[in-house]
Structures are given as structure tokens and as C-alpha cells.
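Below is one structure, written out as C-alpha cells; comments come after it.
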Amino acid sequence: MQIFTTEKDLKLFLDSLRNNNIALVPTMGGLHEGHLSLVDKAKSLAQIVVVSIFVNPTQFARGEDFDDYPNTFDSDKLLLESKKVDALFLPSKDEIYPHGTESDYKVGDIGQILCGAFRPTHFNGVAQVVRRFFEIVNPNYAIFGEKDFQQLLIIKSLVKNLNFKIKIESIPTQREEDGLAMSTRNQYLSDLDREKAPHFYSVLSDTRDALLDGKSIYDAREDALNTLSRSFEVEYLEVLDANNLTQIETKTTEIIIISAIRFGGTRLIDNLVFRRKNV
Ligand code: PAF
């Protein structure tokens, strides 16, 4: 695995390989099995796999965990080497934002709901850095996890709006054995909170089962909110059309239950997508 810290060197390396398909896996480090599944997907799609590690300051608001974001570089590097990743891109902030961090691309309304209502600048920051990576790497494929479902839809619309010729692929949320969605931020949980955390996913699963059994969306959502708020501080829980995160209509077949909670100072997100039967 070759390591690059500058745009120039990475581009030189990739330009000699453009007769292959190139897949990009953007990350902020703190790698876990979920990230490695993204790499596996990338490997299945392309001959050349580039992984970036960059903790992007513009997607964190003041008071969020930018300064404390887990840095596990040594183990990240070993994991990526074991997966035979071709290039690891480790840029500095100046390399990514040589002209400052202002950005003209705004994600629009989809960035203001759900997580965006609680983190109003977050998705503009994500779109800004992902656009930069797309311009630098110019991959054929880019791979993202479905745990960050809202982010995934925003990146798909970025590709469309800016006419990138990049195929966006995703992989399902990877879970621990007890159901907790894998996340770099799980490291923040105390032992006790880690034991309680899988309850988040079990409430989402019970809500899906109740909806499939015919419970109304209104009642299922109310019940889920009540149950979750007994254990966690709930930011939001919504039952929406999974294609565009809008309200469910009679024609909607793909449904998402999507939620964010906080407990013990840690913010966790999760979602469950399923098909409605008999519509
Ligand atoms: O999902 C993430 O880890 C980040 O939001 C991303 C896509 C790498 C952009 O910084």
C-alpha cells in the first residue's frame, strides 16, 4: 500500500492507472469492520482501491467531537494493508482546503431535516469534502455505508447536481453481534452504556415488526419514541419514504425507520429500511 499526503502525488500515481477502474472509500479513520466491508465492496468493483483518512473540520460544529475524534492510525494502516488497499490518502487540512474552508455548494432542504436539524452545518461540510475527494481522485466508484443514510442520499444528489461520472455504491449497516450498529463513536461509550446501547436497534426492529403487522405509522412512531426515551435522550425518530426521506404516501413501498439518540454524552444514529407488503 502506498501512502500519499499530497493531491499532486496521488494524482500522478492514479493517472498512470486510469486504464483500470478506481474505487474510493472516504473515511475519517477510527476504522472498524464496517469500514473494512466498504473496502471489500470497493475491491469487488474495481482493480484499484483508494482509501482516504481525513477528519474533516467543516462537518463538525463548535462543541462537537472534532478535537477528540478517535485517531487509531497505526491500527488503521495495518487493517488497510491486510486488505491490500492500493493507496492511502492522508491529506492535511491545507491540502484539502488550500483556498480556505468557504464552500459554494449547499445541499438544500434534505440537509436541514433529521440529523441536519440538530447539526445544521454538518451536511454542507460533508458535501464540501466529498466533492473535493471526488475532484482529486476522480474514481469510477465511491462506496459509503447505509448507516449514514441521509449522508448517502445527499452524496447521490451531489453527484447528480455536479455531473460527476461516479457510481455511488453502498453497503448495509454492519452490526455487532448484539445488534448495535458499528460506529467509530461506539468507542466513547462506557461499559455500562455499551451494554444498554443495543436496545436502540431492538426498538427499531420492534417498530418495523409492528408496522409489518399493520400498526399505523402514527402509533408505531409514538410507541417507539416512548420506549426509546425511557432509556435514551431521543433527538428524533421518524418513519419515512426511504427513497427521499419524505412522508410516506400510499405509493411508498420502501420505508425507513431512522433515528438519532444521545446517552452518556455519545450521539448514535441508526436506521432500518424495509419493504412494505401488500400495497
Ligand atoms: O461518513 C464519514 O465517515 C464522513 O462523513 C465522510 C464521508 C468520510 C466525509 O468526511
Checklist entry - Residue by residue, what Karplus-based ³J(HN,Hα) values in Hz, rounded to whole numbers, does the stretch 188-195 have, using 6.51, -1.76 and 1.60 with θ = phi - 60° and x for Gly and Pro? => result 6, 6, 5, 4, 5, 5, 4, 5
Next on the checklist: Quick one: 3J(HN,Hα) in Hz for the stretch 111-117, Karplus 6.51/-1.76/1.60 with θ = phi - 60°, rounded, Gly and Pro as x.
Outcome noted: x, 9, 9, 6, 4, x, 6
Checklist outcome for this item: Here the gain from full extension of Ile3 to Gln47, 0.36 nm per residue of separation minus their alpha-carbon distance, amounts to 14.1 nm
Checklist entry - Tally Lys and Arg at +1 and Asp and Glu at -1 over the other residues with C-beta under 11 Å from the C-beta of Arg208: what net charge comes out? => result 0
Checklist entry - For the chain, what is the charge dipole size about the Cα centre, in debye to the nearest 20, if Lys and Arg each add +1 at the Cβ and Asp and Glu each add -1 at the Cβ? => result 880 debye
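How much net charge surrounds Lys83 when only the other residues with a Cβ under 9 Å from the Cβ of Lys83 are counted, with Lys and Arg +1 and Asp and Glu -1?
Charge balance near Lys83 sits at 0.
In what order, largest first, do Lys147, Lys251 sit by accessible area if the probe radius is 1.4 Å?
Correct descending sequence by accessible area is Lys251, Lys147.
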Item to check | Normalised contact order of the chain, rounded percent, pairs of Cα under 8 Å and 6 or more residues apart | outcome: 17 percent
Item to check | nm² value of the averaged projected area, convex hull over the Cα atoms of the stretch 147-279 | outcome: 9.2 nm²
Item to check | Förster-model FRET efficiency, 25 Å R0, Asn161 and Lys251, C-beta, rounded to 0.05 | outcome: 0.50
Checklist entry - If you build a Gaussian network model of the chain, linking Cα atoms that sit under 10 Å apart, which residue out of Leu152, Leu31, Leu192 swings the most? => result Leu192
Item to check | Cα shape, the stretch 1-44, gyration tensor, a/c 1.5 rule | outcome: oblate
Item to check | Positive minus negative residues near Ala42 (Lys, Arg vs Asp, Glu; Cβ under 13 Å) | outcome: +2
Item to check | Full-stretch length increase - Ile113, Glu64 - with 0.36 nm per residue and alpha-carbon distance subtracted | outcome: 15.8 nm
Checklist entry - Would you list Tyr141, Tyr188 from the most to the least accessible area, probe 1.4 Å? => result Tyr188, Tyr141
Next on the checklist: Which lysines, if any, have their Cα less than 28 Å from the Cα of Lys8, not counting same-chain residues under 8 positions apart?
Outcome noted: Lys41, Lys43, Lys77, Lys83, Lys84, Lys93, Lys106, Lys156, Lys160, Lys165, Lys167
Next on the checklist: Just to be sure I understand: with springs between alpha-carbon atoms less than 10 Å apart, which residue in Leu78, Leu225, Leu211 has the highest mean-square fluctuation in the Gaussian network model of the chain?
Outcome noted: Leu78
Checklist entry - Whole-Hz Karplus ³J(HN,Hα) for the stretch 165-176, in order, using 6.51 cos²θ - 1.76 cosθ + 1.60 and θ = phi - 60°, x for Gly and Pro? => result 9, 10, 8, 8, 10, 9, 10, x, 4, 8, 10, 5
Item to check | Percent antiparallel among DSSP beta bridges (both partners in the chain, rounded to 5) | outcome: 50 percent
Checklist outcome for this item: Residue-normalised value, i.e. accessible area per residue, for the stretch 214-266 at 1.4 Å probe, in Å², stands at 49 Å²
Checklist outcome for this item: Taking the alpha-carbon centre of each part, the distance from the stretch 137-203 to the stretch 41-84 in Å is 13 Å
Checklist entry - Using a probe of 1.4 angstrom, how much of the accessible area of the chain is carbon and sulfur, in percent? => result 47 percent
Checklist entry - Per residue, how many Å² of accessible area does the stretch 10-94 show with a 1.4 Å probe? => result 47 Å²
Next on the checklist: For a quick check of your reading of the filter: which GluC sites (Glu not before Pro) in the stretch 1-86 sit in a DSSP loop and have no more than 15 other Cβ atoms within 10 Å?
Outcome noted: Glu64
Checklist entry - In the Gaussian network model of the chain, springs joining C-alpha atoms below 10 Å, which of Leu12, Leu268, Leu158 carries the largest mean-square fluctuation? => result Leu12
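The values are calculated or read from the model by the stated rules, or taken from the named source; none is laboratory data. From a predicted model like this one, the values you see are computed outputs, not experimental measurements. Positions of Cβ are generated from backbone atoms using ideal geometry, with glycine treated the same way; all protein chains shown enter the neighbour counts. Only protein heavy atoms, including side chains, enter the accessible area calculation; ligands, DNA and RNA are left aside. Shrake-Rupley method; radii C 1.70, N 1.55, O 1.52, S 1.80 Å.
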